[in-house]
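One structure below.
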Amino acid sequence: MNVLRQLFLEHLAQTSESPLMLEINKADGVFLFGPDGKKYFDLISGISVSNLGHGNPMVVKAVQNQAADFMHLMVYGEYIQKPQVELTAQLTRLLPENLNSVYLVNSGSEAVEGALKLAKRFTGRSEIVAFKNAYHGSTHGALSVMGCEEQKRNYRPLLPDVRILNFNSIADLDQITTRTACVIIEPIQGEGGIRLPNVDYLRKLKQRCSETGALLIFDEIQTGMGRTGSMFAFQRFEVIPDILLLAKAFGGGMPLGAFISSKEIMRVLTHNPILGHITTFGGHPVSCAAAIASLNFLIHEKVVEQVEHKGSIIAEALAKHPKVREVRRAGLMMAVELGTFDTVQALIKYGLDHGFILDWFLFCNTAVRIAPPLIITEDECRTVANLIVEGLNAIQ
Ligand code: PMP
């Protein structure tokens, strides 16, 4: 075993059952490179983070320039810092009027924590509704709204008053009542194995929230920033949430998250003597600079407009294969259902040997995840589809 691998196992606490154990020392565009120069197609983008691929020159330059000007100055929100102001101004121009107030944080989990606190304060209610197979993060609040009892059991007691409904069940919507502070949902479930909402489901959910006064939170941490073929998934379903959560690709590869709402709702955290939400590193200026560059690139290069077609090239090629039971997809957010964990593992292993990287989902280990950088070209989509088909042919 090489020394680096040995030290990795010795000193990095392992919380994942089966790490990929791949040593990478260079990344460029859609490719990762091992120490021996071995080249891999990155088909997972660090779980939908590297939407622009790796080493985008505009993002790198923005990071370098901002790091040279200043890095951390003060706890978030105390000083006026241009990168934070520019980013939130630019972002809110893309959002509907009721999503005009942004609180910047460090991560997806922190955005979830902020949103749950905000909804409790605004409504004065405590019940939180979430969904089976939902993943919202690993901190205690986020864990409380996870839709997988097996993963939560060891950490109880968690937040009280959490009600878990079936995703896509109209009948369950009755359980949202005037006791409910908020409903938190991924408009397309990610870690559940890419589960799309049925036609009209999100509209009916929004209607029920409006009737009962519960706030609707869309966790777009995985679906946001163009991944599903629109800048945000809520646009494709034409349902506007009360609170929107972003992280992952939002920071252009740097740590950054946000919970976003209206000024009216957000005011309960800011105009109140009791502690709202405080973060030391949230909205880090270097992360904001990367986020601005990344947003500009997505818009000016018309990246998002091409996502749906690119996704369809891969999906159509794979859907025909006899080992593929189903392809669930929105844009370049894709699950290829293979039916057994053994087949999934065999294909992932084949990929590592033959130069492409796939993985599975936290709550769905019978499907492989395909989520390449959005800048993958159409030709590369065809190449990738062929490589995966060859893999499916080769494995048992
Ligand atoms: N929500 C969703 C939908 C996610 O996919 C994730 C991360 N996989 C999170 C929240 C948590 O984000 P983070 O790991 O940045 O805390």
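General observations
- Residue of R203, R156, R328 that the Gaussian network model of the chain assigns the largest fluctuation, springs spanning Cα pairs under 10 Å: R156
- Annotation: amide H of F31 within the under-5 Å range of D42, H54, sequence separation 5 or more or interchain, hydrogens built in the peptide plane.
- Estimated purely from DSSP H runs of n ≥ 4, each contributing -39500 (n - 2.57), the mean residue ellipticity at 222 nm for the chain is -11000 deg cm²/dmol once divided by its residues.
- Applying 1/(1 + (r/R0)^6) with R0 = 30 Å to the Cβ-Cβ distance of T177 and K263 gives a FRET efficiency near 0.65.
- Diffusion constant of the chain at 25 °C, which comes from Stokes-Einstein with the Kirkwood Cα-pair radius and 0.890 mPa s, µm²/s: 113 µm²/s
- 3J(HN,Hα) along the stretch 355-369, derived from phi through the Karplus expression 6.51 cos²θ - 1.76 cosθ + 1.60 where θ = phi - 60°, amounts to x, 8, 10, 10, 8, 10, 10, 3, 10, 7, 9, 9, 10, 9, 8 Hz, with x in place of Gly and Pro.
- Amide H to amide H, with H built 1.01 Å from N, V324 comes under 5 Å of no residue 5 or more places away or on another chain.
- The relative contact order of the chain, computed from alpha carbon pairs under 8 Å that lie at least 6 residues apart in sequence, is 22 percent.
- Stretch gain in nm, segment L73-D28, where the contour uses 0.36 nm per residue and the Cα spacing is subtracted: 13.1 nm
- Positive dipole terminus of the chain, leading residue within V307, Y350, N166 (C-beta point charges): N166
- Positive-end ranking of G124, A319, H140 along the dipole of the chain, with charges on Cβ about the Cα centre, is headed by G124.
- Of all DSSP-defined beta bridges confined to the chain, some 65% are antiparallel rather than parallel.
- Highest to lowest packing among 376-382, 124-130, scored as the average C-beta count within 10 Å: 124-130, 376-382
No lab work stands behind these numbers, since they all come straight from the coordinates. What you see is a predicted model; the values in this text were computed from it and never measured. No Cβ is skipped: glycine too gets one built from the backbone with ideal geometry, and neighbour counts run over all protein chains shown.
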